[in-house]
Amino acid sequence: MPSFELGLEPLDPVKDTRICVYQHTHAHLSELFPKICMLTYDFEEYRYSELLLLLKTVIGLGDSPVWLNEENMRSYKSENIPGGLSAEGNFEDIPIFAEVYPMIDGREKDRRRGGMFVHIKAGAPVWLKCCTGGLVSLMGYPPEGEEQSLNMSPGRARAQGEYLHITGREHPLHIYIKANAPFKPKQTLDGAPANYGLACFSAGEVWLAAGFSEKEEEALAIAGADVLSEIEKVRAHYKNMLDNWYIHTPEAHLDEAFMHARLNVEYAWFRPFGWVEALHHWISMWHMEQTAAEEWAGNAERSREIFISQLERLIDGERVPELSAPGFTRREWGGDNTYFFRGVEHYLKMTGDVQFARLAEPAMRKILAQTFREYDPLKTGVMGFGTQLGNQEDFLATPGPGSGSGCEGAHMLRIMAMLQSLLGNDKEAEKYETYARAAAQKVHEAFWMEDLGRYSWYKDVLGQLRLEAPYHSICAPILYDMIEDSQKASSIDHLLHRLSGPSGEMYISNLFGGHCYYAVSTWGMQCGGNMQYFAAASYARLGMNEQAVRPLKFIADIVCTRHRGAFPETANDAHKAYFSPAACMYSQGIIEGIFGLERDVISNRTNISPCFPEQWEHAEIKIPGVHIKYRRITSEHIAGDSELGAGEHNRADLECGAGEHNLADSELGSGEHNRESSELGLINGAHCFECRLEDDTQKYFLWRLKPYSEIKAFINGRSVNVETTPRCGWFEAEIALGTEREFTLEIQYVPISFRLEKPGCVSEGSEYVMRLEGAELTGLSDPAGIFQRASYKKHALRARIGERLLEAYQPYGWFGMINFARRTFFAILKAGEFEFEYPVHITVLPQYIIHALPLCPQETGARAAAEEAGAGGDGLTGGKEEAGRRGNGPGARLCLEVADYTSLSREEQERELILLLGESVLKTRARLKNYQPVQIFFELGPELLEKLTPGRNKGALLLEGRRREFFLEYRPCRKIARPLMLPEDKLKPPLYWNEIGKCTAPGSTIYCVTPENILQDVFDNYSVLENMPGVPFEINKKGFLPVSSKNERYAQIGLEGVKAKTLYILLSAFITNQHAFSQPFYMELEARNEGEYFPPIYAAHLSFPGNLDIGLSGRGNYGFPTYIEEQPRDALPALPGAEDEDYPQAQPPGYPQHLLWNQFKAFQVGETVFSVIQLELDRERPLRELRVWVQDSNAAMGIYAISAV
């Protein structure tokens, strides 16, 4: 499969291994046939993905055993069950059932022991072969060493009474096995020592216990345990756990996944060092995100234990380590300091553990100082960060002061202030709080984009700003409450419309060529299992109840279908990872996001802020210390019903939000509901919450609702006060509940019935009209500067859209125009006694979109008949590369696709269109359609064609007296350009790219596994590249001309004696996702002065995206390439129609499409992707020199050839 296709098509789930773990014991049960293995950690050295295979058991059936394998099993299936594994299937007509349970013992410190208990039942005699193994890699599927053969066994097997004693060469552990039939030692090679045991169970039932330990007597004792009693003990343990950990909602997969999440995290816990990342293949530990979920599970002591383990092992006394069994330390990615602080914050709020705070405070001072010293070397107050800022597998680095990383730094300072306050150090607390506010303010000043209403990403050390940020820069300031409500509303719109997919799933970023939706790609483009919490929690904070559930449901559906109980590492990963960070963050999302629980013992406060979709009529959660039941009850059972909603209010009248007129306007607070569902409302009854919270904090109910006109609340039947705070698009109802541990709360409210009518997509300079029913428009807030002018009355807004809103993003081509199209303003509404802000989102379009189909004079158009029909044909979008091409004689027909977005209401009249191409003027008449492209044709004579240069030619249409520019790609069928020579003394060999380009951005992984000689094939196989029609490029075998931030920041190419109108520069840009939406290079071409007042210099900022592609193919790392040979670019993207609220196809995983990345010429030769930069002069001139700068702190390119016309 070509690398670019990976992740584009669904992959069937891989059948490999079901896993259950308790401390040292890993139990594996194959998904291919009933094969059982027991594994444990290697304590001799650090391992990423290797375990010691202690025991492998294969099964045979029959009087003369047939050993089971994948080929002879039928209807076989293995599953996780609480605390264990089960399998069933058939061999011929013989049924077989097996279950395996790791021993729930052995978590004492400094004790290395474990075991498992096995029950097998079949309709025929059962045979078992048991042996030990060695170190096995978990990266193979199935894991290496777990195949059926026993020949790999390096161990010894001895009979010892009723037991089989097995020892291995690669570990010091004793393994004892006892079953209800004796094992006989056997050898795989004649004359060799016995290395496995064989047993026959003639009754067809097996009860087997296996134990291991460094101490022989402990292993013997475990193997001697009663198997049935031990299995019942395991079952009872997990039943008790799950009896106190469940949810019941209308979404069955949410409920089931909540159970699986608890089990996945429980299996991953290795005392006292933390939680294994992925039991399937990453058996080390990284960022300890699991602590919050474990604290809600009643396991706060585990958090304390892991924090102390890390503090005892600080690297250089100031950096938090990543641990692994049995306590090995290391530091990877961006480090764990931020994770440690966040974890301690949650732990202290949950427990108020002053003793731990006092113990941790000196070290946390050092950790904080080290973090800023490393990531804010210039002492700006705004941190950068290494890879994996937000959570495990985010992987994106921030190699410069950044918005998301800056928010994390400010939050660390805030956590230190909280810690000092807990310890009674008020002056220190005030100092750190001041630092935190200052850091947050500096982030805002440096990165807030007022026009877009959200943060940009980061600046490199030379000040190059990256405009498009990953999700951290949206979610962190919302969750840390570092921006205003209105800013949260505009920020979240980008998360919803550009970073979220059709099922509500969130993606890390749009900074890569693809999202690898169906592949295990963890470079920063993926939809990760554990990041969905951040989207859910952000939506919940803004009362977006419908949206909050969807990211979690997306993961729950995968867990309960494709993975059947195992949490995924990334989206639709084909492998069952048992990824504990995803499991714990899912639990946290359910508890803190959907059920809205927030405990802060330090402030003596517990909040309950449920975030249930409107259609939910019930919900329940039970976790240790908390039991909440929600139900919607009918009006006849409501206390005080006659006081609320009487008179003019009835069910059919209630239409809160934009209703059927505009989906986007209802997204804050009302979600995706159309008019009908809004009319259902929730006032035909009351909302009843039965709560038991076993703590003595002051409790508050905070409900984030649609704007409402009335609200009442009753605690245990007693009317209580409700404090209403109008927020941006939603209201917050606060009810003080006191310190009672058990209470019933009933709430009744009446949503405000109002409706907005407005267009979703509008063009620059156009008229904008919004009408309002059910509320009064009392004001307007336009921080984005959308309107040139605006006026409003009580029920209407009339405004003129600004004319240059998209100008700053045009250098980034279609990707920039689509990605930065959405804007937000705020209507100030008044209904009854309340006045509130309401966010209104719009998509800004160019007034006209003009796209020229490539001009190929000698080709006959595939749609010649349509062309002959005239200029009034229907608009066409996408995949039309042959449309409008015609080649009868020396002239050609130019086809322009023109879309008019100036007005929805304009009458479609025939208009005159004037084409300006070079010095030529051509006229035609056409009927343009509103919000729909049509094809316009112009006949180009041979004289005009002679004036065109290969590649891009600038043209313009005169429409309504204004010049509308576009580019035409001319593809001549003969060579026109002539190659020029590069200065040989400045050329570097192909392998030189490794020095300047392989690590062009700290933390970027694109080149990690890219072969060092990946560029060599161009020089070995080609002397001339003729991939661009009309422009041959001569390749010098000596290499390329480098320009890099590392070595050669400036390149100068003399062009004396050359006369040209257009210069073509063939380059390969060694850039990565880290450079997206920046301008890493600058070129200028100086012509010879022929008497001008100042020298004629033609300059070009090279933008990515826009006119650059990532310079390497997808070989090695799929997902990165922005150019794909198989996906043509000479077509329009999908454009909005009259009824659309946004660009279609502008959401992941399909977005960003490859055609969006570069509107200039690009092509691939071998494994190198070339970008062609054209520098066009006003006329043919004698040239002087070409100068190229890198204006980025981490970028490089190779110039391969130059040609001229």
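Of interest is the spacing of the C-alpha centroids, which for segment 1107-1174 and segment 453-477 amounts to 22 Å. Of all lysines in the structure, the ones whose alpha carbon falls short of 19 Å from that of residue 712, not counting any fewer than 8 places away in one chain, are 699. Between the alpha-carbon centres of segment 487-563 and segment 945-987 there is a gap of 42 Å.
Ranking 18, 964 by Cβ neighbours within 10 Å, fewest first, what do you get? Could you put the intermediate results ahead of the total?
On the way: 18 26, 964 18.
Ascending number of Cβ neighbours within 10 Å: 964, 18.
Taking Cα atoms only, the orientation of helix 545-560 departs from the longest principal axis of the chain by about 60 degrees.
Whole-Hz Karplus values for segment 1162-1176 come out as 9, 7, 10, 10, x, 9, 9, 9, 9, 10, 10, 9, 9, 10, 9 Hz, taken residue by residue from phi with 6.51 cos²θ - 1.76 cosθ + 1.60 and θ = phi - 60°; glycine and proline positions read x. 3J(HN,Hα) along segment 83-91: x, x, 9, 9, 8, 8, x, 9, 10 Hz, from the Karplus curve 6.51 cos²θ - 1.76 cosθ + 1.60 with θ = phi - 60°, whole Hz, x for Gly and Pro. For segment 288-415, the relative contact order works out to 22 percent when only alpha carbon pairs closer than 8 Å and six or more residues apart are counted.
Once backbone amide H atoms are built at 1.01 Å from N, residue 270 has 275, 276 as its partners under 5 Å, excluding neighbours fewer than 5 places away on the same chain.
Percent relative contact order of the chain, based on C-alpha pairs within less than 8 angstrom and at least six residues apart?
Numbers: 3122 pairs, mean separation 100.0, N = 1205.
It rounds to 8 percent for the chain.
Note down the magnitude of the dipole of the chain about its Cα centre, charges +1 on Lys and Arg C-beta and -1 on Asp and Glu C-beta and zero elsewhere, to the nearest 20 debye. Spell out each step's value before the answer.
Details: 121 positive and 164 negative charges, 421 e Å.
Dipole size: approximately 2020 debye.
Excluding same-chain residues fewer than 8 positions from residue 121, which aspartates and glutamates have a Cα within less than 20 Å of its Cα? Result set, ordered by chain and number: 31, 63, 70, 79, 88, 92, 93, 99, 205, 226, 230, 232.
For the residue pairs 35/109; 239/349; 349/442; 178/233, the C-alpha atoms sit more than 20 angstrom apart in 35/109; 239/349; 349/442. Pairs exceeding a 29 Å alpha-carbon distance, out of 954/1037; 427/459; 488/553: 954/1037; 427/459. Toward the positive end of the charge dipole of the chain, with +1 on the Cβ of Lys and Arg and -1 on the Cβ of Asp and Glu, the farthest Cα among 66, 989, 207 is that of 989. Under 5 Å from the amide H of residue 795 lie the amide H atoms of 777, each residue being 5 or more positions distant or on a separate chain, with H modelled from the backbone and absent for Pro and chain starts.
Rounded to whole numbers, the Karplus 3J(HN,Hα) couplings from phi for segment 398-406 are 10, x, x, x, x, 6, x, 5, x Hz, using 6.51 cos²θ - 1.76 cosθ + 1.60 with θ = phi - 60°, and x at Gly and Pro.
Nearest 5 percent is fine: what portion of the DSSP beta bridges confined to segment 765-821 is antiparallel? Of the beta bridges lying entirely in segment 765-821, close to 100 percent run antiparallel. Mind jotting down the distance between the C-alpha centroids of segment 1023-1063 and segment 694-768, whole Å? One Cα centre to the other: 64 Å.
If the convex hull of the alpha-carbon atoms of the chain is projected onto planes in all directions, what is the mean projected area in square nanometres?
Numbers: hull surface 212.2 nm².
For the chain, the mean projected area of the Cα convex hull comes to 53.1 nm².
Per-residue ellipticity at 222 nm computed for the chain from its helices equals -6000 deg cm²/dmol, with DSSP H segments shorter than 4 residues left out and the rest contributing -39,500 (n - 2.57). Gain on full extension, evaluated as 0.36 nm per residue between residue 986 and residue 904 minus their Cα-Cα distance, stands at 23.8 nm.
Taking 0.36 nm per residue of sequence separation and subtracting the Cα-Cα distance, how much length would be gained by fully extending the chain between residue 771 and residue 159, in nm to one decimal?
Details: separation 612, 0.36 × 612 = 220.32 nm, distance 8.77 nm.
Going from the current span to full extension adds 211.6 nm.
Taking amide H atoms as placed 1.01 Å from N in the peptide plane, the amide H of residue 22 lies under 5 Å from those of 27, each 5 or more residues away in sequence or on another chain. Of all lysines in the structure, those lying under 24 Å Cα to Cα from residue 1038, and not within fewer than 8 positions of it along the same chain, are 986, 988, 998, 1046.
Bear in mind these aren't lab numbers, they're just calculated from the coordinates by the rules spelled out. All figures in this text were calculated on a predicted structure; none of them were measured in a lab. Heads up, the Cβs are rebuilt from the backbone with ideal geometry, glycines too, and the neighbour counts pull from every protein chain shown.
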